[in-house]
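Inspection log for the structure reproduced underneath, given as structure tokens.
The values are calculated or read from the model by the stated rules, or taken from the named source; none is laboratory data. Keep in mind it's a predicted model, so treat the numbers as computed, not measured. Cβ sites come from the backbone with ideal geometry, for glycine too, and all protein chains shown count toward neighbours.
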Amino acid sequence: MEKEQRPHIVRYQTYVYVLIALLLMTFTSVAVTHINLGPYTVSTALILAAIKSTLVLLIFMHLKFDKKFYGYMVASVFLLFFCVITITFLDYLYR
Amino acid sequence: MNNHVHIDEHRDDEGAKTGMWIFIFTEILLFGGLFIVYSVYRYLNPLAFHLAAHELSTFIGTLNTVILLVSSMTIAMSITAIQYKNKKLTLILMGITLLLAFIFLVNKYFEWSGKISHGIYPGSEILQEASRGEILFFGLYYAMTGLHALHIIIGMAFIGYVMRMVAKNEVRHDNFILLENSGLYWHLVDLIWIFLFPLFYLIT
Amino acid sequence: MSDTVQQHNQKSYLEYQGRFKGLFAWIFSTDHKRIGLLYLYSMLVLFSVAAIIGLLMKIELIAPGKTIMDAQTYNSFFTLHGITMIFLIVVPGLPAVFGNFFLPIMIGAKDVAFPKLNLLSWWIYILGALIALSAQFLGDGPPDTGWTFYAPYSFRTGTNMLPAVTGAFILGFSSIATGLNFIVTIHRMRAPGMSWMKMPLFPWALYGTAWIQVLATPIVGVTLLMIVLERTMQIGFFDPALGGDPILYQHLFWIYSHPAVYIMILPAMGVISEIIPTFARKTIFGYKAIVVSTLAIAFVGYFVWGHHMFTSGMSGTALYTFSILTFFVAIPSAIKIFNWVATLHKASIDIQTPFLWALCFLFVFMIGGLSGMVLGALSANVHLHDTAFVVAHFHFIVFGGTGFAFFGALHYWFPKMFGRMYDKGWANIGLAVFFTGFNTLYLPMFYLGMIGMPRRYYDYVEEFHGPNIVSSFGAMLMIAGLIIIITNLVRSARKGEKAVADPWLGKTLEWTISSPPSLENFEEIPLVTKAPYNYE
């Protein structure tokens, strides 16, 4: 039962940079909605959301600096959810 | 509670963090169920969803997104602050997080009451007349943003509680797992919104 | 494994007096052992209620037409029977009772990672149970949808659905809290030297189970919430009139409820993996294969839910995908059966009551599992869906599987938990009566299903009468067996002969401490050097 003092301190600056990136992507996704991309509108919005989420997970939620198994767990959970939603769509796509 | 001395080495920050992450997984799956419902009905009613989304204000949605992103930054920064033993800054940053959360809720209140005053809410007469897709869109809108708002309130309570602990020096530079965990919860709330935002506001 | 035996100068956990006295010393206790017993006693009461409901149903079914109740009552009975048995007994079952009691001990810890959360789990369980059961007595009549709450009937029925659905929702939190606690406990609190691959198989089973509890339960939670929204606000998610799809309800419901059956069976398999090596006096055959198959079942089990929905109207692609995956998920279970039987090969077996339960488990679990394969085949399923065949299948695999393992665990760990031995003669008689009754009750249902008797039907045609008589008689015999078993255990808990620390010559850590254990289990956390079940 070690008392793990997290030695790593994230600089304020890092958080600010991440916020700027997040805001830029937010404004980009808003701008993109005005362009009609047809079937790709959803995917573009979701891809940008995924990138934003990755930044939040890695930096804000500290996964980049924590033990690897946290990252594996998080990735596995998202993978599981993705599999479940895909299999559900095997019904709706092919009815 | 049992009164036997629960050993002092029972402090396990790593365990506490693991526990918090597992809890976050349950929340991801909880909202996940609603995302499944959204995906299916969006797939089945693309045009109706597209039209219904016009009724929402992209401006308020974007504003709320910005608010939540900034609040995520401030709570993350509060952890740096406490590690630098800067108690005052820690409390300020946490306070700003709470303030931003509150503004988010105020915006949400105006959004919802606007819709409700126009007769758009589950079970309303106007909605009964609308297309199937529109009924589902608004059902999902209220259910998902409502559940999300509930989590914002819970997050605010959690952060408020931790602020008190910081003020009382029970959360300190050498014992801040509680602050970390409240931060993780807050980021989760932000993550959910990062997906809700494009799915409801940007499909016009 | 450390061989030191606990000193006997410490008070047992049963006698320990802390801040509270009497009943409060139990219901406010954060001691994992007391919490395990709180669950056990609660379940004893709830199981008895649900079993009696089942018996009454069988009495109704002993003849066509009305026998002792009307159709509406029958519908509410099978609903209550299902809700209680599933959400209050078999899902929490083994983890809440034996997981709580033995997980920390078997990994060499003094308690779980979050003892207060553990107590909260039990309180939430009781709250959920009370709210769900209140549906029986308040409002416009007890729920009649079946435990599956299928839309659209579940939001159209005038019966008292909200407390039932809300109760089930609350119970989900209890399950999640237990799962979270166990995962962190296993990750963080194993004794020095106990690497993952030196951990006994019951903790491994609990680990796989805990992940399912944590990742699957929220989905049924949010689905039940949607039913509440449907009933109170006409939100439309599952109402065709408002654009919703009832099949989507089924998808969401079974996305949890299929993994839920693995919550039920994985710990059961873990118990069998403990009992067999002990009484075979031989190390388990294929430890690694059992670990891998445990995790495989937990994982693949997420992707087969559609086999509950073959006749619902899903696409052809969904149908055959789910069928193939269902066959895949059977493979790791079969591997375990081979390993258990292989362990018995050339073993010097000590035939005691827990071992007999394990043998009976193998028999009924195989029948349950194989009948599952029949149902997993699309062409057969068309004829058998919603017939008595399905009822037979799940009773064999859930009652036979989880239930038998539960009784096996109870007889295996009884001396450790209560410090006393039960009467072995009566235990075996009880088992014999129960086993005979069980098979008499459920085997005819396979036949009845094949010749077309629907499930959840209060009435039936004359040609189904004969097997139904046999089945109903089996129910009475089985209940008699249960009464013998439970009476024996209850009496022995107070008056049985005192038990030694290791009555079965077991090789896992729980047998190195006193019977019953002291409050903190171990005076000193053991240092683990050997793999479990090291009989050679």
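Exactly one residue out of A:Asp66, A:Asp91 is crowded, with 19+ Cβ neighbours inside 10 Å, more than 7 Å from chain B (Cβ to nearest Cβ) and either of a type outside the set (Phe, Trp, Tyr) or in contact with an Asp or Glu (Cβ under 7 Å, 6 or more places away or on another chain) (or both): that is A:Asp91.
Can you find a residue that is at pLDDT 95 or above and touching a Leu at 6+ places or on another chain (Cβ under 8 Å) anywhere in segment C:326-336? Checked segment C:326-336: no residue is at pLDDT 95 or above and touching a Leu at 6+ places or on another chain (Cβ under 8 Å). If you check C:Leu441, C:Leu477 for being outside any loop (DSSP other than H, G, I, E, B) and either within 21 Å of the chain's Cα centre (by Cα) or among the small types (Gly, Ala, Ser) (or both), only one passes: C:Leu441. Taking segment C:66-112 as the range and being within 17 Å of C:Gln136 (Cβ to Cβ) and polar (S, T, N, Q) as the test, the residues that pass are C:Gln72, C:Thr73, C:Asn75, C:Ser76, C:Thr79, C:Thr84.
Residue-wise test of (1) over 27 Å from C:Phe238 (Cβ atoms); (2) at pLDDT 95 or above; (3) at the interface with chain C (Cβ under 10 Å from one of its Cβ atoms).
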position	(1), (2), (3)
B:Gly119	no, no, no
B:Ile126	no, no, no
B:Gly133	no, no, yes
B:Phe137	no, yes, yes
B:His151	no, yes, no
B:Arg164	yes, yes, no
B:Ser182	yes, yes, no
B:Phe195	no, yes, no
B:Leu199	no, no, no
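Test C:Leu527 against the criterion of being at negative phi and assigned to a helix (DSSP H, G or I), and give yes or no. For C:Leu527, the condition - at negative phi and assigned to a helix (DSSP H, G or I) - is not met. Evaluating C:Leu44 against the criteria (1) surrounded by fewer than 16 Cβ atoms within 10 Å (Cβ to Cβ); (2) touching a residue at least 12 places away in the same chain (Cβ under 8 Å); (3) over 25 Å from C:Ser174 (Cα atoms) leaves one unmet condition, (3).
Would you mind finding the one in B:Thr97, B:Thr145 that is within 14 Å of chain C (Cβ to nearest Cβ) and within 14 Å of the chain's Cα centre (by Cα)?
Working: B:Thr97 fails: within 14 Å of chain C (Cβ to nearest Cβ).
Exactly one of B:Thr97, B:Thr145 is within 14 Å of chain C (Cβ to nearest Cβ) and within 14 Å of the chain's Cα centre (by Cα), namely B:Thr145.
Among the candidates C:Ile227, C:Ile235, C:Ile186, the residue that is surrounded by 21 or more Cβ atoms within 10 Å (Cβ to Cβ) and facing chain B (nearest Cβ under 9 Å) is uniquely C:Ile235. Filtered by the rule that a residue be closer than 16 Å to B:Thr18 by Cβ, in a helix (DSSP H, G or I) and not polar (S, T, N, Q), segment A:58-95 gives A:Leu63, A:Phe65, A:Lys68, A:Phe69, A:Tyr70, A:Gly71, A:Tyr72, A:Met73, A:Val74, A:Ala75, A:Val77. Every condition in (1) surrounded by fewer than 19 Cβ atoms within 10 Å (Cβ to Cβ); (2) in a loop (DSSP other than H, G, I, E, B); (3) modelled with pLDDT of 95 or more holds for C:Gly108 except the one numbered (1). Within segment A:26-71, being among the β-branched types (Val, Ile, Thr) and touching a residue at least 24 places away in the same chain (Cβ under 8 Å) holds for A:Thr26, A:Ile51, A:Val56, A:Ile59.
Exactly one residue out of B:Thr204, B:Thr145 is in contact (Cβ under 8 Å) with a residue 24 or more places away in the chain, closer than 29 Å to A:Ala21 by Cβ and assigned to a loop (DSSP other than H, G, I, E, B), and it is B:Thr204. Report, ordered by the first and then the second residue, all pairs with beta carbons closer than 7 Å, sequence separation of six or more or different chains, a first member in segment C:193-212 that is among the charged types (D, E, K, R), and a second member that is surrounded by 24 or more Cβ atoms within 10 Å (Cβ to Cβ). Here the result reads C:Lys198/C:Pro532, each pair linking segment C:193-212 to a residue that is surrounded by 24 or more Cβ atoms within 10 Å (Cβ to Cβ).
Evaluated against (1) free of Cβ contacts under 8 Å to residues at least 24 places away in the same chain; (2) touching an Asp or Glu at 6+ places or on another chain (Cβ under 6 Å), C:Tyr153 falls short on exactly one condition, (2).
Do the conditions hold for C:Ala177, that is, is it touching a residue at least 60 places away in the same chain (Cβ under 8 Å), within 25 Å of the chain's Cα centre (by Cα), within 12 Å of another protein chain (Cβ to nearest Cβ) and part of a helix (DSSP H, G or I)?
Values: touching a residue at least 60 places away in the same chain (Cβ under 8 Å): yes; within 25 Å of the chain's Cα centre (by Cα): yes; within 12 Å of another protein chain (Cβ to nearest Cβ): yes; part of a helix (DSSP H, G or I): yes.
Spelling it out, C:Ala177 is indeed touching a residue at least 60 places away in the same chain (Cβ under 8 Å), within 25 Å of the chain's Cα centre (by Cα), within 12 Å of another protein chain (Cβ to nearest Cβ) and part of a helix (DSSP H, G or I).
Only one of the numbered conditions (1) facing chain B (nearest Cβ under 7 Å); (2) at pLDDT below 95 is violated by A:Ile35, and that is (1).
Taking the conditions exactly as written (touching a residue at least 12 places away in the same chain (Cβ under 8 Å), closer than 30 Å to C:Val490 by Cβ and not basic (Lys, Arg)), does C:Ala405 satisfy them or not? The answer is yes for C:Ala405. For segment C:294-310, a residue qualifies if it is in contact with a Gly (Cβ under 9 Å, 6 or more places away or on another chain), assigned to a helix (DSSP H, G or I) and surrounded by 21 or more Cβ atoms within 10 Å (Cβ to Cβ), and the qualifying residues are C:Thr294, C:Ile297, C:Ala298, C:His307.
When A:Lys52 is tested against (1) within 9 Å of chain B (Cβ to nearest Cβ); (2) surrounded by fewer than 13 Cβ atoms within 10 Å (Cβ to Cβ); (3) under 25 Å from B:Thr26 (Cβ atoms), just one condition goes unmet, and that condition is (2).
Can you name every residue in segment C:311-331 that is over 25 Å from the mean Cα position of the chain (by Cα), crowded, with 19+ Cβ neighbours inside 10 Å and either aromatic (Phe, Trp, Tyr) or not in a helix (DSSP H, G or I) (or both)? Residue satisfying the conditions is C:Met314 alone. Assess whether C:Leu242 counts as being surrounded by fewer than 22 Cβ atoms within 10 Å (Cβ to Cβ) and free of Cβ contacts under 8 Å to residues at least 60 places away in the same chain. The answer is yes for C:Leu242.
Take the conditions of a type in the set (A, V, I, L, M), in contact (Cβ under 8 Å) with a residue 60 or more places away in the chain and under 20 Å from B:Ile153 (Cα atoms) and apply them to B:Leu51. Does it pass? Even if it seems obvious, please write down each step before you answer.
On the way: of a type in the set (A, V, I, L, M): yes; in contact (Cβ under 8 Å) with a residue 60 or more places away in the chain: yes; under 20 Å from B:Ile153 (Cα atoms): no.
So B:Leu51 fails the test.
The residue list B:Tyr109, B:Tyr43 contains one member that is more than 14 Å from the chain's Cα centre (by Cα), within 12 Å of chain C (Cβ to nearest Cβ) and under 27 Å from C:Ile235 (Cα atoms), which is B:Tyr43.
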